[in-house]
Amino acid sequence: MAETAITAVLSKFGELASREAAVLVQVGNDIMLLRDRLEWLQAFVRDADRRRRLASDDFTRVWVRQTRDVAFDAEDALDHFFHKVDLEAQGYRGWRIWRRYLTGCTTQISVRHDLSGQIKRIKSRLDQISENHKEFKIEHTPGAWTSSITEVAAWDNIGDAPVGFDGYLRALENHLLSHEHTPQQRFISILGETGIGKSTLMLTICNKIIKDHENHFDKLIWYNMPPNSSANDLLKQVYERAPDKVPSEGEDTDITKKLRSFLHDKRYLVILGGINSITVLNCVKASLPDNRNGSRVVLILEPESQEVAKHADTLNKKVDADSKNISGSTIQLGRLNESQSAELFCRRVYGYNYTKPRGYKVSYNEQVFKITGGHPLAIVVLAGLLRSKEMPVEWDSVLQQLMPGVEAGESQGNKIAGVLLTKEKPFEWDALLQQLMPTTEAKLSNRMTIERIFSTSFDDLPHDLKSCFLYFAAYPTNITHPADQIMRMWIAEGFIKPEKGKNMEDLAQEYLKELISRFLVEVKYRNECEKIELVQVHNRLLRFLQSEAREASFIEIHDNTDVLAPAAVRRLSIQNDSGNYIPFGNRFPKLRSFICRVEEGEGASATPDLKNDPKNIPRKDPLKFLCGSKFLRVISIGGIHLAELPDAIGDMIHLRYIGVTSCDLENLPSSIGRLLNLQTLDIRNSKVKIIAPKFWRIKTLRHVIAAQLQLPNSVGELNNLQTLHGVKPAENWGGLTCPLDMMTNLQSLELHGFNDANHGVALERALQKLELLGHLKLTGDKIPSSVFTAPSLRYVESLVLDGDIKWADNSSNTSNYSPEVALGICELRPNLTVLKLNSVSKELEEFIEKIRPHLTVYECPTRTDA
């Protein structure tokens, strides 16, 4: 897939345009011509990518691959140019090597000459590819529709009520709440193909139980087991997710004892997805106590796990172990009928309380059912595609293209023909055709048709959005993603196209909402201010994405059994479920992103067991292989025990995003101050307390997230900084100014460890300048009253305060505040919806009561008497 590669290069041209004009004077024309050629090619490869999937045109496949490779070369040339220009702006180790090339006039001449020469070679290759395009008569069929927006339901107003689940809900509720008739522990299996709605069914019944039977279960734990995880990893994660657990004392590492002790005498509901082994199920059974009070374990299973479902029934002693029927406590989900399919489709296109618009054809219901076969996920993705199209012209075109037999039949025929050519006829032909015929129609109407819906929806995405969506392929199944993290990585990669008058985070939010509105990404959790916090891609869609990412050379995905990655890899994802990290022996000179997601079991907790588990020993040089990756933009590491980052990280001056969630990380190298393009530093779980002073002068910083990081008294002008979390001030701010004065565009601030004597006056004055602040969390001995009274903090939505409020001398008696004054404060905080106080005096509590009607969330666990 060449389209995303070309998109990446075109985004670099925008970055190039912002560079110093004098450096570009002799390559400007070449740059413009190359950009124009690539923009034309981008329009052609969109259709070529679609036809490539049919596997019917080898010429097209070769042309797409060669075009992609040229785009990669162009991106390398531009990044090499940026690297040299940035070296000129930096004085650091390695300077002497470049000095004769990067001084004065010689610098500009050398840089211009290198870039100009590479562009000419790239243009020459493009000319040859264009000649091949003509010689082999590679056809181009323009798209039959455009991406336009119709009058449909708002992206976040779709409604989540499932369709066709009434019978399943009654049966499941019966199993879960029958504690009087069946008090013993029971295993309940929900069985069905991927995308049929198993998790949706379970989520619906959980919400219903919480609403109608709030205290029925004492504990509710839900965990989706990643592929290839061990039973021990599963049990550890179940324990880690248990709410209100008391930290265990001593060195008891037996997870079974921990679980049985914690769940003793409690009625629990444990929901487990991804179990595909009877052995693992037996381990779960042995680790969860049967308290004979109606506890339940729900298994969400794929069709290939029918034997697990049978064994679960055996554990319940409801069916004989040799029975061939899945019965007892197994709920088998099926596909929707035509009327149910139409209902789900219309809800997703027009919203829950929909009214079909004029022009909606009755035949659409039949076509949707024929195309999707009643598969819920396919219906939802198809609805996401059509809700952005004009009706009826574009609807008719899309539905006609997706009807079973169109294009898919040709593709299937070519594949069968290719196999037959390798066989001896007629003897082997007859046997093979007899074997293929009964299954061909079923495969077309199920797997292939659903895949075509996915690919059509993917192909319809705008160029920039395709790269954003493909980025999810870097992560394993059953993973939820913090929305802010994934968007910051998009920005760091350059996927977000700048627009005048909008900041990059707002644009990234629009990109994410567009993917959500197309039902390619699901919202899993919203915070108390109703902002998207966690998102997820359905496992079946994710497998499609990973296939596309590999085909496009967009990302290389490896695990602990497969660590041989080519040196030319541009993005590398490690998905390791064993907790062991195997470093690479080779270097990756063209690497742009390194994403490592190791499954975080108990070994990744704050107190790892170093004595009994050597894999938990912090590593000092696991990132050594990255030292030659001078184009690296993103480093995201989670789950491995990392003691430090290499000093050579300061040489990776393209780095925009560093995210390391390791509780063992205590120090960052001083060279991090040389990363003049750095946007995000996320070390929220680390023990890092001090960073080199030069770091606080990086003008491009947008987000700094830590746990116990010291904020120095002297910082540079950080006008781009929006997020500052997990920091505490230096010993004394001394005077009326503080470092927050240099961060006037902060939108989210979490500050702790301050005291009124050393920081109070400066902090109060600084808060009055933070007019864009939306979230504020303060932990100190005295909280400035300006958090309530400063007119500048009108944007604040969330206040989390841990400390006594320091009111002005003339208003120390808060009981004197009248309802009118309280209303006045409400007018000063028109957006405040969340207020959390660690403690509150009696007088302040009376005051807060006057403004509580204006709050969505108010928490105050204790009260101190005045």
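Key figures for this structure:
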read-out	value
Too-long pairs where the Cα-Cα distance tops 19 Å, listed order kept, from K12/K630; K513/K836; K497/K524; K687/K728; K777/K836; K689/K782	K513/K836; K497/K524; K689/K782
In sequence order, calculated HN-Hα J values of region 80-85 (Karplus, 6.51, -1.76, 1.60; Hz; x Gly/Pro)	5, 4, 4, 4, 5, 5
Surface per residue (accessible, 1.4 Å probe) for region 164-330, Å²	48 Å²
Estimated distance in nm for a label pair at K266 and E180, the labels positioned 7 Å out from Cα along Cα-to-Cβ	2.6 nm
Amide proton proximity set for I783, modelled H, under 5 Å, gap of 5+	D804, I805, K806
Sequence-distant residues sharing a close amide H with G726 (under 5 Å, placed H)	A706, E750
Distance between modelled label sites at L169 and E240, nm, 7 Å Cα→Cβ extension	3.4 nm
Net charge of Cβ neighbours under 10 Å - reference L751; Lys, Arg +1; Asp, Glu -1	+1
In order through region 171-186: 3J(HN,Hα) via Karplus (6.51 cos²θ - 1.76 cosθ + 1.60), integer Hz, x for Gly, Pro	5, 5, 4, 4, 5, 6, 9, 8, 5, 6, 8, 10, x, 6, 4, 9
Neighbourhood charge, 12 Å Cβ-Cβ cut-off, centred on R587 and excluding it, Lys, Arg +1 and Asp, Glu -1	+3
J(HN,Hα) series, region 489-499, from Karplus relation 6.51 cos²θ - 1.76 cosθ + 1.60, nearest Hz, glycine and proline x	5, 4, 4, 4, 6, x, 6, 8, 7, x, 9
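The values are calculated or read from the model by the stated rules, or taken from the named source; none is laboratory data. Nothing here was measured: the structure is a model prediction, and the numbers come from that model. Every residue, glycine among them, receives a Cβ derived from its backbone with ideal geometry; neighbour counts consider all protein chains shown. Just the protein is used for accessible areas: all its heavy atoms, side chains included, with ligands, DNA and RNA removed. Shrake-Rupley method; radii C 1.70, N 1.55, O 1.52, S 1.80 Å.
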